[in-house]
Every structure is written in C-alpha cells, then in structure tokens.
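The values are calculated or read from the model by the stated rules, or taken from the named source; none is laboratory data. Given the structure is predicted, the values throughout are model-derived calculations rather than measurements. A quick note on method: Cβ atoms are made from the backbone with ideal geometry, for glycine too, and the neighbour counts reach across all protein chains shown.
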Amino acid sequence: MRIAELTALLHLASPALPIGAFSYSQGLEAAIEAQLVTDADSARQWIARGLDDVLARGELPFLAHQLERWRNHDVDALHAENAAFIASRESMELRRETEQMGWSLRQLCVSLEWGDASRRVTLSALQPIAQPTAFAFAAFVHDASPDATLAAYAFSWVENQAAAALKAVPLGQFAGQRIVVALRDAIEGAVTRALATSPDDLNTFAPQLGILSARHESQYSRLFRS
C-alpha cells in the first residue's frame with residue numbers, strides 16, 4: 001500500500017473526522033436497554049454479529065460497488081443505488097444517521113475540493129446522500145483500493161461501536177480495546193465476503209436491529225442518536 005493511500009484512509013477512518021459518528025450507536029444502546037448486551041463478552045458478540053450480518057452482506061458490498069461507480073462516473077447508477085440504500089434503512093433513526101453523516105462527509109469533500117469538478121457536481125446533486133456513497137467518493141479521489149477502502153470503513157465502524165459500548169454498558173478502556181483486537185480477523189473476513197458480493201446479492205435484512213432501532217426512537221434515557 002502506498003503511504004498516500006494509507007494516510008488518506010487513516011484520515012477517513014479517524015474518529016476525529018467531523019461527521020458526527022460518535023453520536024450514534026446503530027442500535028447498540030437499544031440492545032443494552034433490552035439487556036441483550038450487559039458486559040464485554042456480550043458487547044463483542046453483538047458487534048461481531050453486526051459486522052457479519054449487516055456490514056458484510058449489505059453496507060460493505062454497497063460501498064465497493066459505489067466506489068466502482070465513482071471510478072466510472074456512472075451518474076445514473078450512483079443516484080439510483082444511493083436512493084435504494086437509503087430506502088433500505090430499517091428505521092427513521094438509521095436513515096437519518098446515514099443521511100447526516102453522508103451530508104457532513106460531502107461538505108468536507110467539497111470544502112477541501114477533493115476530486116475533479118465534474119464528480120463534485122455529481123456529489124453535490126445527490127440529495128440526500130448516504131454515508132457509504134460519500135465515503136466511496138472520498139476513497140476514490142485518493143485512489144484507494146477497494147479492499148483497503150472496505151477495511152478502513154469496517155474498522156471505523158467497529159471502533160465506533162466499541163466506543164459506544166464503553167459509554168453505555170459501560171466498559172473500561174482495556175475491555176474496549178480487547179473487542180477491537182478480537183475482531184481484526186472478522187474485519188478481514190467481512191471485507192473478503194463483501195468484495196465477492198454482486199449488486200443483486202446485497203442483503204440488508206436485519207429484523208432484530210430494525211425492531212431495536214425503532215424502539216430506541218422512544219427510549220426514555222439515551223446517550224446516542226441511534
């Protein structure tokens with residue numbers, strides 16, 4: 001991997017990236033409220049299932065295909081698949097999450113003038129824009145490879161989930177780091193599966209997540225927006 005590619009992906013995967021990832025738990029807080037997650041082991045299992053059942057089957061392959069569409073500048077497909085991904089979100093909170101983070105990442109890309117002018121026009125025209133679509137644009141303009149792009153995205157997701165568990169379970173710092181380390185191989189497996197998934201085989205079916213996310217909308221006490 002080139003140094004420029006590595007540093008670009010480290011930037012995009014950083015929790016310091018100003019897109020608001022820290023404010024979302026993607027259903028984890030609702031799982032804690034339902035006592036499905038009560039300690040470090042159950043938190044690790046929950047995050048591992050999300051990586052395997054949600055990201056690897058849906059979000060990561062979608063990201064890979066959007067990356068290729070940005071490479072080809074297939075405007076019609078970018079619009080159609082971006083809209084389909086947003087429509088697939090299981091709850092109002094999860095839809096708002098991807099839209100808000102996608103909007104924030106797009107603002108960053110535009111303000112830093114990443115990419116060529118014609119693709120920035122396409123990026124700005126995507127209203128609303130899903131986070132993976134914006135992430136794919138940012139990865140493309142830095143000439144990042146698909147496997148590295150997906151690995152960075154998946155690691156960022158796992159790290160954010162572990163950070164949410166630290167606050168909401170709560171867990172200690174070492175417990176959170178153990179979760180991240182334990183899922184390194186799972187991230188590699190998720191990326192491998194995602195890269196082998198065709199557009200027609202994307203699957204976002206996650207009924208438990210959808211139910212918990214919908215419950216979170218009216219949960220009495222909340223630290224997170226999803």
Mind listing just one residue for me: the one in segment 202-220 that is free of Cβ contacts under 8 Å to residues at least 24 places away in the same chain and hydroxyl-bearing (Ser, Thr, Tyr) and, of those, nearest to Gly27 (Cα to Cα)? Ser218
Go through Val75, Val54 for me and flag whichever is under 12 Å from the mean Cα position of the chain (by Cα) and under 27 Å from Ala139 (Cβ atoms). Val54
Can you tell which of Ser218, Ser213 is polar (S, T, N, Q) and not in a helix (DSSP H, G or I)? Ser218
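Output the number of residues of segment 124-139 satisfying the condition of being buried (at least 22 other Cβ atoms within 10 Å of the Cβ) and either touching a His at 6+ places or on another chain (Cβ under 7 Å) or among the hydrophobic types (A, V, I, L, M, F, W, C) (or both).
8
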Is it the case that segment 42-53 has a residue that's modelled with pLDDT of 95 or more, among the β-branched types (Val, Ile, Thr) and under 22 Å from Ala175 (Cβ atoms)? yes
Being surrounded by 15 or more Cβ atoms within 10 Å (Cβ to Cβ), more than 18 Å from Asn82 (Cα to Cα) and touching a Phe, Trp or Tyr at 6+ places or on another chain (Cβ under 6 Å), is that true of even one residue in segment 151-162? no
